[in-house]
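**Student:** A single structure is presented below for examination.
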Amino acid sequence: MRAWRVTRLGEPADALELDVVPVPSAGAGEVLLRVGAVAANFPDVLLARGQYQVKPELPFVPGIECCGTVVALGVGVEGLAVGDRVAAAKIGVLAEYATVPATAVQPIPDAMSDVAAAGLTIAYQTAWFALHRRAGIRPGEWLLVQAAAGGVGAAAVQLGVAAGARVIGVVGSPAKAEVARAAGAEFTVIRGVDDIAASVKEITAGHGADVVFDPVGGAAFQASTKCVAFEGRIVVIGFASGEIPSLAVSHTLVKNYGVLGLYWGLYQERYPELVADAHADLMRLFEAGAIAPVVDSVVPFGRAPDALTALASGATVGRVVVEVGA
């Protein structure tokens, strides 16, 4: 089979090589997938650079999220059958075939395309766990989403609207503001043009954001601490800005707000049953038309490094998807 592998650390265009390697076999508790499409994620860029919290030994196959068809079952796998279409999350799926633990795959409806299914797991699961499991968002609350036109940000906007929240999206340009509004944001704030904290206070008539969804860190996090509401919750998703902010703990006491961390992969590892429950809710919302992955572009398998390069540039909106069969 063909597989993209990181052979040396660096930017994706330099680090990735297209190799021919043996098709893997499904071990105990695993399934073998014929991969249909792979969604590019920022952790793939970090994996190529050697900056991700997980550091596989070189050479390794990146790709952390895909959809595909089950072609073989390992010993002990139940509840799945050859021919099932599934979404999956695991490092090592940017290839024509991939083995994945059975606990890390979820069924997808026939009506869902490969492109949509490839981008429905990590972004939407992350947003779902952030808003519902960690922040306990309630109808009528103000939700501030940093990087609201990105893949995970747009997912948070859609899920916030579905939960009955009023959503403010922070974006990097007027064009991205249109994307955030199309995803359901009631208001948008343009980073670098508008004062984020002042804008949020004005929009909410001084109340502030009850929940903040922050995959950016750096200055975005600092702005969030200035406009979070009384008893508000800031959920830290990641640090796409490249800057890990510091927190004056006394400030959380003075303003009565909480800062919550979310690394979705730990739920997949420790509580897969919660992931399955979230997936069921996401499928219900998808079939009701409440959510739909925002796709920036689709590239053929032979141009996979282009997808990661585009993602690393910060210029994309929504998801960038690699079609493995193309």
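**Student:** Share of antiparallel DSSP beta bridges in segment 197-326, in percent to the nearest 5?
**Tutor:** 0
**Student:** Over the chain, one equal point on each Cα, no solvent: what is log10 I(q)/I(0) by the Debye formula at q = 0.07, 0.08, 0.14 Å⁻¹?
**Tutor:** Log10 of I(q)/I(0), two decimals: -0.27, -0.35, -1.05.
**Student:** Roughly how many Å² of K176 are accessible to a 1.4 Å probe, to the nearest 10?
**Tutor:** It works out to around 40 Å².
**Student:** Still on this model: For segment 1-132, compute the orientation-averaged projected area of the C-alpha convex hull (one quarter of its surface), in nm². Intermediate results must be reported in sequence, preceding the final value.
**Tutor:** Values: hull surface 33.5 nm².
Average of the hull's projected areas for segment 1-132 equals 8.4 nm².
**Student:** I want the antiparallel fraction of DSSP beta bridges within the chain, as a percent rounded to 5.
**Tutor:** Close to 55 percent.
**Student:** Further question on the same structure: Take the alpha carbon gyration tensor of segment 286-326, find the square roots of its eigenvalues, order them as a ≥ b ≥ c, and report rounded if a/c is under 1.5; if not, report prolate when a/b exceeds b/c, else oblate.
**Tutor:** Judged from the Cα gyration tensor, segment 286-326 comes out oblate (a/c at least 1.5, b/c at or above a/b).
**Student:** Where a ≥ b ≥ c are the square roots of the eigenvalues of the C-alpha gyration tensor, would you call segment 62-134 rounded, which needs a/c under 1.5, or, failing that, prolate if a/b is larger than b/c, or oblate?
**Tutor:** prolate
**Student:** Right, something else. At 1.306 mPa s and 10 °C, plugging the Kirkwood radius over alpha-carbon pairs of segment 48-87 into Stokes-Einstein gives what diffusion coefficient in µm²/s?
**Tutor:** Here the translational diffusion coefficient equals 123 µm²/s.
**Student:** Right, another one. Arrange the peptides 131-141, 109-119, 31-41, 70-80 so that the one whose residues have, on average, the most other Cβ atoms within 10 Å appears first.
**Tutor:** Order by mean packing, descending: 31-41, 109-119, 131-141, 70-80.
**Student:** Mean separation of Cα pairs under 8 Å and 6+ residues apart, divided by the residue count of segment 273-326: what relative contact order is that in percent?
**Tutor:** 38
**Student:** Also, I was wondering about something else. Which value results when the Cα radius of gyration for segment 123-167 is divided by 2.2 N^0.38 Å?
**Tutor:** Computed over Cα atoms of segment 123-167, the ratio equals 0.97.
**Student:** Which ³J(HN,Hα) values, rounded to whole Hz and listed in residue order, are derived for segment 117-131 from phi using the Karplus coefficients 6.51, -1.76 and 1.60 in 6.51 cos²θ - 1.76 cosθ + 1.60 with θ = phi - 60°, glycine and proline given as x?
**Tutor:** 5, 4, x, 9, 8, 5, 4, 6, 5, 4, 5, 5, 5, 5, 6
**Student:** Sticking with this one: Less than 14 Å apart at the alpha-carbon level, and either on another chain or at least 8 residues along: which aspartates and glutamates does that give for K90?
**Tutor:** Once the sequence-local aspartates and glutamates are set aside, what remains near K90 is E30, D44, E65, E269.
**Student:** For segment 1-152, what does the relative contact order come out to in percent, with C-alpha contacts under 8 Å and a separation of six or more? It would help to have the intermediate numbers written out before the result.
**Tutor:** Details: 306 pairs, mean separation 37.0, N = 152.
Over segment 1-152, the number comes to 24 percent.
**Student:** Could I ask something else about it? With +1 assigned to the C-beta of every Lys and Arg and -1 to the C-beta of every Asp and Glu, and no other charges, what is the dipole magnitude of segment 195-309 about the Cα centre in debye, to the nearest 20?
**Tutor:** For this selection, approximately 240 debye.
**Student:** Any chance you could give the angle, 0 to 90 degrees and rounded to 10, that helix 174-183 forms with the longest Cα principal axis of the chain?
**Tutor:** 80
**Student:** Principal axis extents for segment 105-183, Cα atoms only, whole Å, descending order, please.
**Tutor:** For segment 105-183, the Cα extents along the three principal axes come out at 34, 30, 17 Å.
**Student:** What whole-number value in Å² describes the accessible area per residue of the chain for a 1.4 Å probe? Don't jump to the answer; show the numbers that get you there.
**Tutor:** Numbers: 13420 Å² over 326 residues.
It amounts to 41 Å² per residue over the chain.
**Student:** Is it possible to state the helix-based mean residue ellipticity at 222 nm for the chain, with each DSSP H run of 4+ residues giving -39500 (n - 2.57), the sum divided by total residues, to the nearest 500 deg cm²/dmol? What is it?
**Tutor:** It lands at -9000 deg cm²/dmol.
**Student:** Moving to a separate point now. For the chain, what's the relative contact order in percent, using C-alpha pairs closer than 8 Å and at least 6 residues apart? Provide the component values of the computation, followed by the final result.
**Tutor:** Details: 765 pairs, mean separation 57.5, N = 326.
Once divided by the residue count of the chain, the mean separation gives 18 percent.
**Student:** Out of T225, T69, V31, whose Cα points farthest toward the positive end of the dipole of the chain (charges: +1 Lys, Arg; -1 Asp, Glu; placed on Cβ)?
**Tutor:** The residue sitting most towards the positive pole is T225.
**Student:** Dipole of the chain, Cα-centred, from +1 at each Lys and Arg C-beta and -1 at each Asp and Glu C-beta, to the nearest 20 debye?
**Tutor:** So the magnitude is around 520 debye.
**Student:** Quick query: amide H of V228 versus all other amide H atoms, modeled in the peptide plane; which residues come in under 5 Å with a sequence gap of 5 or more or a different chain?
**Tutor:** Close amide H contacts, sequence-distant or interchain: A209.
**Student:** Using the Cβ atoms and a cut-off under 12 Å, what net charge is assigned to the surroundings of D110, where Lys and Arg are +1 and Asp and Glu are -1?
**Tutor:** -2
**Student:** Which of rounded, prolate, oblate describes segment 170-320, given a ≥ b ≥ c as roots of the alpha-carbon gyration tensor eigenvalues and a/c under 1.5 marking rounded, otherwise prolate only if a/b is larger than b/c?
**Tutor:** prolate
**Student:** So for segment 1-60, considering every pair of alpha-carbon atoms, how many percent are separated by more than 18 Å? Before the final figure, lay out each step's value.
**Tutor:** Numbers: 779 of 1770 pairs.
Cα-Cα pairs in segment 1-60 separated by more than 18 Å: 44 percent.
The values are calculated or read from the model by the stated rules, or taken from the named source; none is laboratory data. Nothing here was measured: the structure is a model prediction, and the numbers come from that model. So basically every Cβ, Gly included, is an ideal-geometry build from the backbone, and we count neighbours across all protein chains shown. For accessibility, only protein heavy atoms count, side chains too; no ligands or nucleic acids. Shrake-Rupley method; radii C 1.70, N 1.55, O 1.52, S 1.80 Å.
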